[in-house]
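**Student:** Dropping the structure in here first, questions after.
The values are calculated or read from the model by the stated rules, or taken from the named source; none is laboratory data. Bear in mind that the values here come from a model prediction, so they are computed numbers and not experimental data. Using ideal geometry, Cβ is built from the backbone for each residue, glycine included, and neighbour counts are taken over all protein chains shown.
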Amino acid sequence: MSSLSGKNILITGGCGSIGSHLVEKVLEHDPNVVRVFDNSESGLFQLQREFEDDQQLRFLLGDVRDQDRLKLAVEDIDVVFHAAALKHVTINEYNPFETVQTNVQGTQNLIRAALEEEVESFVGISTDKASNPTSVMGATKLLSERLIIAANTYKGSRETRFGCVRFGNVLGSSGSVVPLFFDQIQSGGPVTVTDPEMTRFIMPTEEAVELVITAQERMQGGEVFVLKMPAFQVGTLAKAMIKEYSDDSDSVDVKIIGSRPGERKHEKLISREEAHHAKELDEMFVILPQIEFEGYEVDTNQLTSISSEYTSADTQLLSEKQLIETIDSLDVV
């Protein structure tokens, strides 16, 4: 039986790319109720139309910055999936006050509500940009992770498990590079590339959501789960998509625009410092908690330690053919 079966579940940011797919996946586990919490009225309306016949769903308009609203949203909840965040790197660079209020203060508000309600488990959804961050968004997501992990030391006699998942770019998510390139190609170009040699991790939404569910089931509390995933060069993706999706590929130009504020050339899922605390499983890595708290036990003999950081520059790079096969298989353009 699924650990989510018969449970009351809250998904913050439930109208986002990850959140909405998580709603769909969680419903397959036969929960008692799923509360979808988001500050987008139009997003909630669209999701409500999509699932209008599902009696397990409740749609809650609110913001994670509002402690009182969260307290009501978490009432009688067993499992929290925290996907609400401001995520666009460049926008966050110019609006750091707002980013801190949502990604840091919002997470702290939700943790406090979860502790008061004594939920069973709390999974925070994070990003590769949280590892050795170079951007406002990455720094706030790292703080969000640390708040969630440290919540295990605040819980006292409560049995709540707090943990995180961390992954790279989700294929076809809102604002991501694949739909951007496709729109530019359909408009005749140019396709704007920051740096052709820039690399990024990539994963299908389905795999990202599966990782979130797996983490909730497996975590003791305090871990950060990192799925193994391939990477791509931005220049390779642009060339592949122009060839595949343009009626006249020779007429679509590539324009190099340079890195945007907060961007880095290669992404990290596990930093060199984190590698000392990371263990390897078949399909994922687990970053073990670096702080001590009562009740955490792990059999390190059953885990293989990793010796170096995990970056998009040092992992498998997808070819043009593999990128197109991946995009087509998931119907994201």
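**Student:** Being at positive phi and surrounded by fewer than 21 Cβ atoms within 10 Å (Cβ to Cβ) narrows it down to one of G258, G235, so name that one.
**Tutor:** On the way: G235 fails: at positive phi.
One residue alone meets the criteria, G258.
**Student:** I'm checking my understanding of the structure. Among residues of segment 196-213 that are surrounded by fewer than 16 Cβ atoms within 10 Å (Cβ to Cβ) and more than 14 Å from the chain's Cα centre (by Cα), which one is nearest to A240 (Cα to Cα)?
**Tutor:** P196
**Student:** Being touching a strand residue (DSSP E or B) at 6+ places or on another chain (Cβ under 8 Å) and within 30 Å of P133 (Cα to Cα) is the filter; apply it to segment 51-69 and report the residue that is surrounded by the fewest Cβ atoms within 10 Å (Cβ to Cβ).
**Tutor:** Among those that are touching a strand residue (DSSP E or B) at 6+ places or on another chain (Cβ under 8 Å) and within 30 Å of P133 (Cα to Cα), it is G62.
**Student:** Can you give me the number of residues within segment 297-314 that are outside any loop (DSSP other than H, G, I, E, B) and at pLDDT 80 or above?
**Tutor:** Filtering segment 297-314 down to residues outside any loop (DSSP other than H, G, I, E, B) leaves 300-302, 304-305, 310-311.
The next check asks that each one be at pLDDT 80 or above; those that pass are 310-311.
Number satisfying all stated conditions: 2.
**Student:** Name the residue that is surrounded by the fewest Cβ atoms within 10 Å (Cβ to Cβ), counting only residues in segment 214-229 that are modelled with pLDDT of 90 or more and of a type in the set (A, V, I, L, M, F, W, C).
**Tutor:** Going residue by residue through segment 214-229, those that are modelled with pLDDT of 90 or more are 214-226.
Now narrow it down to the ones that are of a type in the set (A, V, I, L, M, F, W, C): 215, 219, 224-226.
Values: A215: 25, M219: 20, V224: 27, F225: 23, V226: 28.
So, considering only residues that are modelled with pLDDT of 90 or more and of a type in the set (A, V, I, L, M, F, W, C), the one surrounded by the fewest Cβ atoms within 10 Å (Cβ to Cβ) is M219.
**Student:** Checking A139 against (1) without any contact (Cβ under 8 Å) to a residue 12 or more places away in the chain; (2) within 21 Å of A85 (Cβ to Cβ); (3) not in a helix (DSSP H, G or I); (4) not polar (S, T, N, Q): exactly one of these is not met. Which one?
**Tutor:** (3)
**Student:** Out of all the residues in segment 184-201, is one or more touching a Ser or Thr at 6+ places or on another chain (Cβ under 9 Å) and on the phi > 0 side of the Ramachandran plot? If you could, list the steps in order and put the result at the bottom.
**Tutor:** Within segment 184-201, the subset touching a Ser or Thr at 6+ places or on another chain (Cβ under 9 Å) is 184-186, 188-189, 194-196, 198-201.
Then keep just the ones that are on the phi > 0 side of the Ramachandran plot; that gives 188-189.
Yes: one or more hits.
**Student:** Hey, another quick one. Can you tell me which of E325, E294 is among the acidic types (D, E), at pLDDT below 85 and either over 20 Å from L211 (Cα atoms) or assigned to a loop (DSSP other than H, G, I, E, B) (or both)? Spell out how you get there, then give the answer.
**Tutor:** On the way: E325 fails: at pLDDT below 85.
The unique qualifying residue is E294.
**Student:** Suppose we filter V104, V74, V89, V33 for residues that are surrounded by 23 or more Cβ atoms within 10 Å (Cβ to Cβ) and on the phi < 0 side of the Ramachandran plot; which single one remains? Reasoning before the result, please.
**Tutor:** Values: V104 fails: surrounded by 23 or more Cβ atoms within 10 Å (Cβ to Cβ); V89 fails: surrounded by 23 or more Cβ atoms within 10 Å (Cβ to Cβ); V33 fails: surrounded by 23 or more Cβ atoms within 10 Å (Cβ to Cβ).
One residue alone meets the criteria, V74.
**Student:** Any residue at all in segment 253-273 that is outside any strand (DSSP E or B), hydroxyl-bearing (S, T, Y), under 21 Å from S17 (Cβ atoms) and out of contact with any helix residue (DSSP H, G or I) (no Cβ under 7 Å at 6 or more places or on another chain)? Steps first, please.
**Tutor:** Step one: of segment 253-273, the residues outside any strand (DSSP E or B) are 253, 257-267, 271-273.
From what's left, hydroxyl-bearing (S, T, Y): 259, 271.
With under 21 Å from S17 (Cβ atoms) added as a condition, the list becomes none.
No - not one qualifying residue is present in segment 253-273.
**Student:** For the subset of segment 114-129 comprising residues that are more than 10 Å from R158 (Cβ to Cβ) and not basic (K, R), which member is surrounded by the fewest Cβ atoms within 10 Å (Cβ to Cβ)?
**Tutor:** Of the residues in segment 114-129, the ones more than 10 Å from R158 (Cβ to Cβ) are 121-129.
Now narrow it down to the ones that are not basic (K, R): 121-128.
Details: S121: 23, F122: 29, V123: 26, G124: 29, I125: 28, S126: 25, T127: 25, D128: 25.
Per the stated criteria, the residue is S121.
**Student:** Continuing with this model, one more query. I need the full set of residues from segment 163-185 which are modelled with pLDDT of 90 or more, closer than 20 Å to L211 by Cβ and either over 16 Å from the mean Cα position of the chain (by Cα) or among the β-branched types (V, I, T) (or both), in order please.
**Tutor:** Correct list: V165 only.
**Student:** Using beta carbons and a limit of 6 Å, which pairs, at least six apart or on different chains, have the first residue in segment 41-67 and under 18 Å from E28 (Cβ atoms) and the second one among the basic types (K, R) and outside any helix (DSSP H, G or I)?
**Tutor:** Pairs that qualify, where the first residue is under 18 Å from E28 (Cβ atoms) and the partner is among the basic types (K, R) and outside any helix (DSSP H, G or I), are R58/R35.
**Student:** Additional query: So in segment 5-58, with the set limited to residues that are of a type in the set (A, V, I, L, M, F, W, C), under 27 Å from S176 (Cβ atoms) and over 21 Å from the mean Cα position of the chain (by Cα), which one is modelled with the lowest pLDDT? Don't jump to the end; show me each part of the working.
**Tutor:** From segment 5-58, those of a type in the set (A, V, I, L, M, F, W, C) are 9-11, 15, 18, 22-23, 26-27, 33-34, 36-37, 44-45, 47, 51, 57; that's our starting set.
With the extra rule that they be under 27 Å from S176 (Cβ atoms), the set shrinks to 9-11, 15, 18, 22-23, 26-27, 34, 36-37, 44-45, 47, 51, 57.
This time we only want the ones that are over 21 Å from the mean Cα position of the chain (by Cα), so: 45, 51, 57.
Details: F45: 95, F51: 91, L57: 96.
Step by step, filter segment 5-58, then rank; the result is F51.
**Student:** Let me ask something additional. Test L180 against the criterion of being in contact with a Pro (Cβ under 7 Å, 6 or more places away or on another chain) and not in a loop (DSSP other than H, G, I, E, B), and give yes or no.
**Tutor:** Working: in contact with a Pro (Cβ under 7 Å, 6 or more places away or on another chain): no; not in a loop (DSSP other than H, G, I, E, B): yes.
Spelling it out, it is not the case that L180 is in contact with a Pro (Cβ under 7 Å, 6 or more places away or on another chain) and not in a loop (DSSP other than H, G, I, E, B).
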